[in-house]
1. Pull up the cross-link candidates among the aspartates and glutamates for Lys128, meaning alpha carbon to alpha carbon under 19 Å and not fewer than 8 places away within one chain.
2. Starting from the Cα of Glu150, move 7 Å in the Cα-to-Cβ direction to define the label point; list residues of the stretch 58-83 whose amide nitrogen is under 15 Å from there.
3. How large, in percent, is the carbon and sulfur part of the accessible surface of the chain at a probe radius of 1.4 Å?
4. Only four residue types carry charge here, +1 at the Cβ of Lys and Arg and -1 at the Cβ of Asp and Glu. Report the dipole size of the chain about the Cα centre in Debye, rounded to the nearest 20.
5. Explain nothing, just the number: relative contact order of the chain, from Cα pairs under 8 Å at least 6 residues apart, as a whole percent.
6. Please state the shape class of the stretch 62-103: rounded when a/c is under 1.5, otherwise prolate if a/b exceeds b/c and oblate if not, all from the C-alpha gyration tensor.
7. Go through the stretch 24-132 and name the trypsin sites (Lys or Arg not before Pro) that are in a DSSP coil and have 14 or fewer other Cβ atoms within 10 Å of their Cβ.
8. On the first, second and third principal axes, largest extent first, how far apart are the outermost C-alpha atoms of the chain in Å?
Amino acid sequence: AASCPEIFGERYLEYLYPFAYGREIDREASRYALPAEMVLAVIREESRFGETALSPAGAHGLMQIMPSTGEWIGPKIGWKNVAVEDLQDPDFNISAGCWYLRFLLDRADDSIVAALASYNAGHGRMKKWKKKFRPRSDPLAALELIGPNENRRYVRRVLDTMSAYSRQATDSFQ
């Protein structure tokens, strides 16, 4: 059986981990002081870069924003009267998702593990989890203490994807 490098060539990682929406991601990651690979990883794991992606729970777009979350964030980033269609607009969706990631990181003492857990399960749950562990001081233990299993798996997938994007970026500069 052929391996991925044999099938796709040396650039096979670009197929697995695309750098789509680079301009928008760079702009918003910079605006909210986020690692671009974190934004790319969230988009890849949430929607596989599908602008019109719709989750069974009702989340929309690239970063899978719930309508109520979009309405809440919209005025904070200069969008008034956010409609469901706006959630599928890459500019709005990436901006809102990045704002939300920064909001979660600020509340999690900059713990990426806690912020990702909150992004996936809702920031109300993080308050409960934060009492059980110190995500900033021991991220590996924090990862293991995240409940439910689905949320823990989500955080692991995003962290793995962040790592792949970081490796890919590093390799492209060598």
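The values are calculated or read from the model by the stated rules, or taken from the named source; none is laboratory data. Predicted model, so just to flag it, every value in this text is computed and none were measured. Cβ coordinates were reconstructed from backbone atoms using ideal geometry, including for glycine residues, and neighbour counts include every protein chain displayed. To get the accessible areas, we keep the full protein, side chains included, count just its heavy atoms, and leave off ligands, DNA and RNA. Shrake-Rupley method; radii C 1.70, N 1.55, O 1.52, S 1.80 Å.
1. Cα-Cα hits under 19 Å: Asp106, Asp109, Asp110, Asp138, Glu144, Glu150.
2. 58-59
3. The computed percentage sits at 51.
4. Numbers: 23 positive and 23 negative charges, 201 e Å.
The dipole of the chain has a size of about 960 debye.
5. 20
6. Values: a/c = 1.41, a/b = 1.10, b/c = 1.28.
Rounded.
7. Within the stretch 24-132, the qualifying trypsin sites (Lys or Arg not before Pro) (loop, at most 14 other Cβ atoms within 10 Å) are Arg48, Lys80.
8. 46, 39, 31
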